[in-house]
């Protein structure tokens with residue numbers, strides 16, 4: 001039978017990514033995989049990468065056919081190869097150790113226990129899929145595995161994005177990415193804020209000026225991100241939303257969401273700290289293709305203290321966070 005899809009999805013994507021991931025050596029820093037020594041792995045990741053970036057549904061039959069044609073292997077050989085990876089995944093999960101820790105690091109917000117449950121459910125589903133000759137859509141199984149592990153399906157999808165982006169950064173056969181244009185905008189959420197630490201930090205008693213210094217924080221960060229992004233491989237140009245014209249057509253909309261600004265430390269060595277959410281929107285499909293969270297604390301600045309220096313730091317951190325995404329852009 002064919003499992004119906006209620007929305008474009010990625011059922012098999014996370015499953016195959018993880019089981020492929022664990023059969024290779026974890027001794028070196030990420031990227032974890034030696035792609036030029038495993039053509040089946042490379043072809044699978046490339047196809048899954050396209051699926052993750054597309055709003056069109058992907059079927060297991062399409063994946064197997066693509067990998068088999070690309071590698072000159074039979075579909076049965078591809079299935080057997082993935083089954084070997086699946087066993088390696090189960091061995092890794094049970095043994096733990098440094099290799100498991102590195103996989104957990106890619107889990108983002110997922111805890112070690114959540115990731116273990118998630119992989120266990122994925123493994124069960126994947127065995128059934130690989131042993132079956134039926135066709136499956138890449139959506140239903142992921143949602144069921146995430147539900148069984150008691151984690152949001154969106155967290156599972158972000159996990160997949162991180163794995164793909166990490167591995168394909170050094171894809172030896174990938175063509176150089178075509179640089180794209182982006183637009184940057186943002187907003188600041190309402191949050192509780194104590195004025196006293198800000199006055200101490202700014203060494204000021206002017207409450208109005210202090211409030212203005214942190215009002216709509218994104219307006220201080222967005223320009224720095226727009227200035228910094230053109231230096232990132234894969235980015236041709238970047239405009240702020242307010243500067244965008246009808247003459248340019250950005251491929252991605254970078255949305256910054258400032259959640260909190262706070263100060264840590266004592267009155268003599270206060271540090272500004274910020275939490276920023278980053279969402280990347282495909283402007284053609286209007287779908288979110290990736291999300292990141294940034295938490296950054298600035299150094300203790302000397303007198304006179306200026307938040308503008310801290311906001312410049314935050315903009316640099318945001319740009320650095322976006323580098324892997326655009327480096328792996330196809």
Among the residues of region 251-267, is any assigned by TED's automatic domain parsing to the domain that holds residue 192, free of Cβ contacts under 8 Å to residues at least 40 places away in the same chain and not in a loop (DSSP other than H, G, I, E, B)?
yes
Which numbered condition residue 150 misses (of (1) part of a loop (DSSP other than H, G, I, E, B); (2) at pLDDT below 65; (3) touching a helix residue (DSSP H, G or I) at 6+ places or on another chain (Cβ under 9 Å))
(2)
Selection from region 155-181 of residues modelled with pLDDT of 75 or more and within 17 Å of the chain's Cα centre (by Cα) yields 155, 156, 159
Any residue in region 283-300 that is outside the structural domain of residue 250 (by TED's automatic domain parsing) sitting within a Cβ distance under 8 Å of a residue that is crowded, with 16+ Cβ neighbours inside 10 Å and at pLDDT below 90? List the pairs, counting only those 6 or more apart or interchain.
none
Of all helices (runs of 4 or more DSSP H) completely enclosed by region 59-132, which ones contain at least 2 residues that are within 17 Å of residue 48 (Cα to Cα), modelled with pLDDT of 85 or more and in the same structural domain as residue 49 (by TED's automatic domain parsing)?
60-71, 75-95
Scan region 253-289 for residues that are farther than 23 Å from residue 313 by Cα and either loosely packed, with under 12 Cβ neighbours inside 10 Å or modelled with pLDDT of 90 or more (or both) and report the count.
5
Any hit, region 221-230, residues being at pLDDT below 90 and surrounded by 15 or more Cβ atoms within 10 Å (Cβ to Cβ):
no
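The values are calculated or read from the model by the stated rules, or taken from the named source; none is laboratory data. Given the structure is predicted, the values throughout are model-derived calculations rather than measurements. Neighbour counts are summed over all protein chains in view; Cβ atoms, including those assigned to glycine, are modelled from backbone coordinates with ideal geometry.
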